[in-house]
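Report on one structure; see the data block that follows.
The values are calculated or read from the model by the stated rules, or taken from the named source; none is laboratory data. Quantities reported herein were computed from a predicted structural model and do not represent experimental measurements. When we count neighbours, we look across all protein chains shown, and the Cβ atoms used for this are built from the backbone with ideal geometry, even at glycine. These accessible areas exclude ligands, DNA and RNA; they are computed on the full protein's heavy atoms, side chains included. Shrake-Rupley method; radii C 1.70, N 1.55, O 1.52, S 1.80 Å.
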Amino acid sequence: KKYDLFVYGIDCWAGRFKSRSGSLKNLDKIISISSFTTKQIRSQAFKGNIVYLPPVLDPKKFPEVNYKKDTNIINFITVGRLSAEEQYKGHDKVIEAIEILVNKEKINSIIYRIVGKGNDKERLELKVKEIGIEKYVKFYGFVPDEELPEIYATSDVFIMPSNVSLDPIKPEGEGFGIVFTEAAMYGLPMIGPNIGGSTDIIDDNINGLECDPL
């Protein structure tokens, strides 16, 4: 029987799709989560039909909120796992950027909100303490879905400069980046990488800025 195959991110990047494609008999079409993943499949000599179908969110789950913002503070926010095995998401880069803004540029009206849990949280907290910017970085840990709207709505900029690696031994990066879509639902401008799945969401200089994650 014919069947369709849904593909997401690293599982089919960096030659991984080609190495498995010989066993995909009777494949009718591939349904790809992002333009970047589609490109990766094409680069591995797949000549068949690929349908691009990005994830979508139900607007009903993102009700209009009227939380009061502190207009004296610019709140940057990252939502994502704090995993020692997934440091590509760029928390370190943002922390280092905050340190430059605070200590070199003397800009002190900023807060970096880090939402998420994982085994890398302690290391990041120690890094923040060592460079002396505890006042400007707030760790929220795990936040239930029902509480996320307030945090998003009272933030000003979503930032997650995730790097992408096409190393076949350890590929990494955002297959899509659903949190960028969540941030967009609340009208937040976004700062993200110029490579990977999130480039489908960020329209450079329109709804955000793309940056070199390195």
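Among residues belonging to segment 45-76 that are more than 25 Å from the chain's Cα centre (by Cα) and more than 30 Å from residue 147 (Cα to Cα), point out the one that is modelled with the highest pLDDT. So the residue we want is 49. Pairing each residue of segment 20-32 that is closer than 7 Å to residue 5 by Cα with any residue that is open to solvent by less than 40 Å² (accessible area, probe 1.4 Å), provided the two are 6+ apart or on different chains, yields C-beta distances under 6 Å for 30/7; 30/50.
Among the candidates 207, 194, 108, 163, the residue that is surrounded by fewer than 20 Cβ atoms within 10 Å (Cβ to Cβ), under 14 Å from the mean Cα position of the chain (by Cα) and over 14 Å from residue 91 (Cα atoms) is uniquely 194. Residues in segment 114-137 that are touching a helix residue (DSSP H, G or I) at 6+ places or on another chain (Cβ under 8 Å) and either surrounded by 14 or more Cβ atoms within 10 Å (Cβ to Cβ) or without any contact (Cβ under 8 Å) to a residue 12 or more places away in the chain (or both): 11 in all. Criterion applied to 110, 133, 100 was being in contact with an Asp or Glu (Cβ under 8 Å, 6 or more places away or on another chain) and more than 30 Å from residue 10 (Cβ to Cβ), and the one residue passing it is 133. Being part of a helix (DSSP H, G or I) and of a type in the set (A, V, I, L, M) is the filter; apply it to segment 166-191 and report the residue that is least open to solvent (accessible area, probe 1.4 Å). Ranking the qualifying residues of segment 166-191, first place goes to 183. Scanning segment 1-56 for residues that are open to solvent by 50 Å² or more (accessible area, probe 1.4 Å), in a strand (DSSP E or B) and either in contact with a helix residue (DSSP H, G or I) (Cβ under 6 Å, 6 or more places away or on another chain) or closer than 23 Å to residue 85 by Cα (or both) returns a single hit, 52.
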